[in-house]
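The values are calculated or read from the model by the stated rules, or taken from the named source; none is laboratory data. Keep in mind it's a predicted model, so treat the numbers as computed, not measured. Here Cβ is always computed from backbone atoms with ideal geometry, including for glycine, and neighbour counts include all displayed protein chains. Side chains included, ligands, DNA and RNA excluded: accessible areas come from the protein's heavy atoms. Shrake-Rupley method; radii C 1.70, N 1.55, O 1.52, S 1.80 Å.
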Amino acid sequence: MKMKVYAMLVGLMLNSGCSQESLDEQHELYLSNKGWEIKELLEVETYQLEIPDEMLSNYEASGITFLEEYIGGEVTEYFYELREKDVEGKPLEAILFEEHGDIIGGYGILPSWEPGRFNLDDKERLRKEHMIKK
């Protein structure tokens, strides 16, 4: 009996490890398709998405338009440090959102710039405007 329980626990641990690995691969692929490279995962948080209208307008002004559709729903936020750096040498960050295990969007954070948020599709624009290192 103890052997069965042990085998089941090992199986569960292997399965959860494999699904986390494929999840990381999905995130890596998502970001690499937009030209970004992950350095490390910093934080993961699951919560009900609530954003005041004024803040939502600020996101949309930065080209981050997917959030409104998911307000009120439960999302998981993955906070990554990227290998790319801003012109001051500070690492950029990316935040990816998932709902029910599917990536629904994300945005980047540029530490040396206000408002600091950018659309992850804007890498070339940020390079041309000399906001990130080449």
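Residues GLU129, GLU54, GLU84, ordered by accessible area of protein heavy atoms at a 1.4 angstrom probe radius and largest first, appear as GLU54, GLU129, GLU84. Computed from the Cβ-Cβ distance with R0 of 41 Å, the FRET efficiency linking ASP102 to LYS133 stands at 0.80. With protein chains left intact and a 1.4 Å probe, residues in the stretch 33-134 average 56 Å² of accessible area per residue.
Evaluating 6.51 cos²θ - 1.76 cosθ + 1.60 at θ = phi - 60° for every residue in the stretch 100-107, the Karplus couplings come out as 6, x, 10, 5, 10, x, x, 8 Hz, glycine and proline recorded as x. The heavy atoms of LYS34 offer some 50 square angstrom of accessible surface to a 1.4 angstrom probe.
Net charge around GLU45, counting only other residues with Cβ within less than 13 Å of its Cβ (Lys, Arg = +1; Asp, Glu = -1)? Result for the neighbourhood of GLU45: -4. The string of couplings for the stretch 72-79 from the Karplus curve (6.51, -1.76, 1.60, θ = phi - 60°) is x, x, 7, 10, 10, 10, 10, 10 Hz, one whole number per residue in order, with x for Gly and Pro.
Reducing the stretch 60-76 and the stretch 93-110 to their Cα centroids gives an inter-centroid distance of 10 Å. Report, to the nearest whole %, how much of the accessible area of the stretch 19-76 belongs to carbon and sulfur atoms, 1.4 Å probe, protein only. That share works out to 42 percent. In this label model, TYR70 and LYS34 are separated by 1.1 nm, measuring between points 7 Å along each Cα→Cβ vector.
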